[in-house]
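Report on one structure; see the data block that follows.
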Amino acid sequence: MLSLFQRKKTPPATSPPPMPAIDPPKGLLRPQSATALLATPRRKKLLEHIWQRTSLSRKQFAALYLAPLERYAELVQQFPASESHHHAYPGGMLDHGLEVVAYALKLRQSYLLPSGTTPEDQAAQSEAWTAAAAYAALLHDIGKIAVDLHVELADGRIWHPWHGPLQQRYRFRYRPEREYRLHSAAAGLLYTRVLDPTILDWLSGFPLLWSALLYVLAGQYEHGGVLGELVIQADRASVAHALGGDPAKAMAAPKHALQRKLLEGLRYLLKEELKLNQPQASDGWLTQDALWLVSKTVSDKLRAHLLSQGIDGIPANNSAMFNVLQDHDLLQPTPAGKAIWRATVRSATDWSHSFTLLRLAPALIWESGERPAPFAGTVTIDTTPDNQDAESPASSPAPVAETGADARVPSPVHGDGTADLNPPSNPAPPDVMADLLTMVVQVHDLDIRQPEAHTATDRAPIDDDEWATPAGSTASTSCTTQPSGEHFMAWLQQGIASRKLIINDAKALVHTVADTAYLVSPGLFQRYTQEHPHIATLAKRDGLADWQWVQKRFEKLQLHRKQTNGLNIWTCTVMGPRKTRRLHGYLLDQPNSVFGEEVPPNNLYLSLTEPGAQQAGNH
């Protein structure tokens, strides 16, 4: 496979009858090598992003990804992706193919595949599913060059893509009689021109993956499961970018997809974790006509469960979580249209207590023969008007920003906890590289806090509690399963291995900086506590916020690199195409225990701020 880096010269085409030495006719294009086609700055950046979405060495990447991409480039040459719609310019099909691959791999990081199997199977098949997502994305439109285009060679012959790459000058036009959907079925004529037998042999060894891939390549996305969803969303994002739209919105999962995940999470909790109809304190009560669940308990546990399954886009704020559940028709609203009911529960033993509750239809959770026996007591709805929002202060106080004697007024803060240093007044037109930096499936409601003092001079900066990402550590598999610094590090390692936690992404909380792992603070610790909500009880005993409790235990492990002035926190500048931001966090001493033998390349968009400049900025 590595010989593809040193490709043989294109063999000469069969010579036509001798002709006078004249300039080639106007409108003829010269076929280019894959190396030349992929050498533009923009395509090189896309290739780099595609590599960073994998966890492969350069040698492995060359065999599994670069070689198919080169073969694809040689086939599609300068063809557009459409006649007058998206990417309707010479080379548009190649640009569209690379973009859809990049978007699909970005989306793939939010899934544990194959769904419904053990973590061991998911880890063993992870690389194959990632590659399949890339191939399905790359080949989704390749049938167009077989059925939509009429291609004529310089010698007057008609070229078909099953003949192999073009060997002489050519011109093309769109067939006026073409059928719009035929190109999906025509992909089967060509994908063996891009995927070699070794790759196909490898993929065919995974039955679920193989069937999903074949369905998607045949255009039957409805039978392709998650793989079909990934390609559809990635294609929409690329088209939206080309037409000046918003790729992030185009990539947003369909409503029914998130609804299904929420419903599956609720069913799991009610089967495995939540306790119903207990004589006294309980997580919920099932009456004849409704399922009542304690609002904060179910929100915390549902969020923790979904995050532990690698599902991102889950609101960190409970009020936002209630709104999401209501928006997806999973909750029965109050007469005032609110998600939260207030009621008093009284058991048969005369125990009673008032709660803020969520109301669900029991049929959503159980089939008729599976439904548990109803609660022997009563649930009495409180009809007293209440102007408070979703969560009562008694059950969950509204977050209060922490302040300090030397607290600074922050710059405008984004959802990821970073601040603009030079926000532009007139944004530039959309660019796919910028989109890859800023893609988010959903925006979270965040609890942005002011800095916390680590020492007299060392402060934990403003940041987010959004997406989680890997970090490094030396924790072993024998560490305690109880929350601790060691457990936090083991959680990170497992997250990286399963790709539940992403790295070097626009919303990632771990990046590769200065050839080591950079842990964004406090966002990474907040994500951990979201998956382990019981930490709040431990933190409360020490008078700390839950993420602070974890952060302090991480610092005690002494796995991070300190500045020469003794500060724990390092500042990074994030240089995007249209704006500049700052991140704050920890640098690990040993990245290999997290990333494995090959440390991912440094994030091109992050640069470490000089310690002197950081210290000046702290005054």
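The values are calculated or read from the model by the stated rules, or taken from the named source; none is laboratory data. All figures in this text were calculated on a predicted structure; none of them were measured in a lab. Every residue, glycine as well, gets a Cβ built from its backbone with ideal geometry; the counts of neighbours run over all protein chains shown.
Being among the charged types (D, E, K, R), touching a residue at least 24 places away in the same chain (Cβ under 8 Å) and under 23 Å from ALA124 (Cβ atoms) is a property that ARG53 has. When restricted to residues that are modelled with pLDDT under 70, among the aliphatic types (A, V, I, L, M) and assigned to a strand (DSSP E or B), segment 456-513 contains 1. Charged (D, E, K, R) and not in a loop (DSSP other than H, G, I, E, B) - does that describe any residue in segment 340-347? So far as segment 340-347 goes, yes, one or more of its residues are charged (D, E, K, R) and not in a loop (DSSP other than H, G, I, E, B). Just checking, which of SER299, SER319, SER308 is of a type in the set (S, T, N, Q) and at pLDDT 85 or above? Selected residue: SER299, the only one of SER299, SER319, SER308 that is of a type in the set (S, T, N, Q) and at pLDDT 85 or above.
Here VAL151 meets the list (1) assigned to a loop (DSSP other than H, G, I, E, B); (2) farther than 27 Å from PRO207 by Cβ; (3) of a type in the set (Val, Ile, Thr) almost entirely, failing just condition (1).
Given the structure, is GLU391 surrounded by 16 or more Cβ atoms within 10 Å (Cβ to Cβ), at pLDDT below 75, part of a loop (DSSP other than H, G, I, E, B) and outside the structural domain of LEU286 (by TED's automatic domain parsing)? Judged against the criteria, GLU391 is a match.
Note on segment 151-190: among residues that are within 25 Å of ALA132 (Cα to Cα) and in contact with a Phe, Trp or Tyr (Cβ under 8 Å, 6 or more places away or on another chain), the one that is surrounded by the fewest Cβ atoms within 10 Å (Cβ to Cβ) is LEU189. Every test in (1) more than 18 Å from THR356 (Cα to Cα); (2) surrounded by 21 or more Cβ atoms within 10 Å (Cβ to Cβ) is passed by GLN288 save one, and that test is (2). For segment 550-564, the set of residues classified as in a loop (DSSP other than H, G, I, E, B) and either in contact (Cβ under 8 Å) with a residue 40 or more places away in the chain or under 19 Å from THR537 (Cβ atoms) (or both) consists of LEU557, LEU559, GLN563, THR564, listed by residue number. Checking the structure you have, find out if any residue of segment 79-87 is surrounded by fewer than 18 Cβ atoms within 10 Å (Cβ to Cβ) and assigned to a helix (DSSP H, G or I). No, there is no match, as no residue in segment 79-87 is surrounded by fewer than 18 Cβ atoms within 10 Å (Cβ to Cβ) and assigned to a helix (DSSP H, G or I). Go through segment 298-316 and give me each residue that's surrounded by fewer than 20 Cβ atoms within 10 Å (Cβ to Cβ) and of a type in the set (Ser, Thr, Tyr). Answer for segment 298-316, where residues must be surrounded by fewer than 20 Cβ atoms within 10 Å (Cβ to Cβ) and of a type in the set (Ser, Thr, Tyr): just SER308. Listed by first and then second residue, the pairs linking a residue in segment 311-327 that is over 20 Å from ARG359 (Cβ atoms) and in a helix (DSSP H, G or I) to a residue that is among the hydrophobic types (A, V, I, L, M, F, W, C) and modelled with pLDDT of 75 or more, with Cβ atoms under 7 Å apart and 6 or more places separating them unless they lie on different chains, form an empty list. Note on segment 534-591: among residues that are under 23 Å from HIS487 (Cα atoms) and of a type in the set (Val, Ile, Thr), the one that is surrounded by the most Cβ atoms within 10 Å (Cβ to Cβ) is VAL550. The set of residues in segment 359-378 being surrounded by fewer than 13 Cβ atoms within 10 Å (Cβ to Cβ) and either part of a helix (DSSP H, G or I) or of a type in the set (Gly, Ala, Ser) (or both) consists of ALA363, SER368, GLY369, ALA373, ALA376.
Looking across segment 102-118, the residues that are free of Cβ contacts under 8 Å to residues at least 60 places away in the same chain and of a type outside the set (Ser, Thr, Tyr) come down to LEU105, GLY116. Within segment 190-211, residues that are at negative phi and assigned by TED's automatic domain parsing to the domain that holds TRP162 reach partners that are of a type in the set (Gly, Ala, Ser) and surrounded by fewer than 16 Cβ atoms within 10 Å (Cβ to Cβ) with beta carbons closer than 7 Å, at six or more positions or on different chains, in the pairs TRP210/SER204.
Name the residue that is farthest from GLY92 (Cα to Cα), counting only residues in segment 238-270 that are at pLDDT 85 or above and hydrophobic (A, V, I, L, M, F, W, C). Going through the qualifying residues, I end up with LEU270. The condition of being within 18 Å of the chain's Cα centre (by Cα), at negative phi and assigned to a helix (DSSP H, G or I) holds for only one of ALA123, ALA67, ALA146, that being ALA123. Number of residues in segment 68-89 that are in contact with a helix residue (DSSP H, G or I) (Cβ under 9 Å, 6 or more places away or on another chain) and farther than 24 Å from GLN168 by Cβ: the value is 6.
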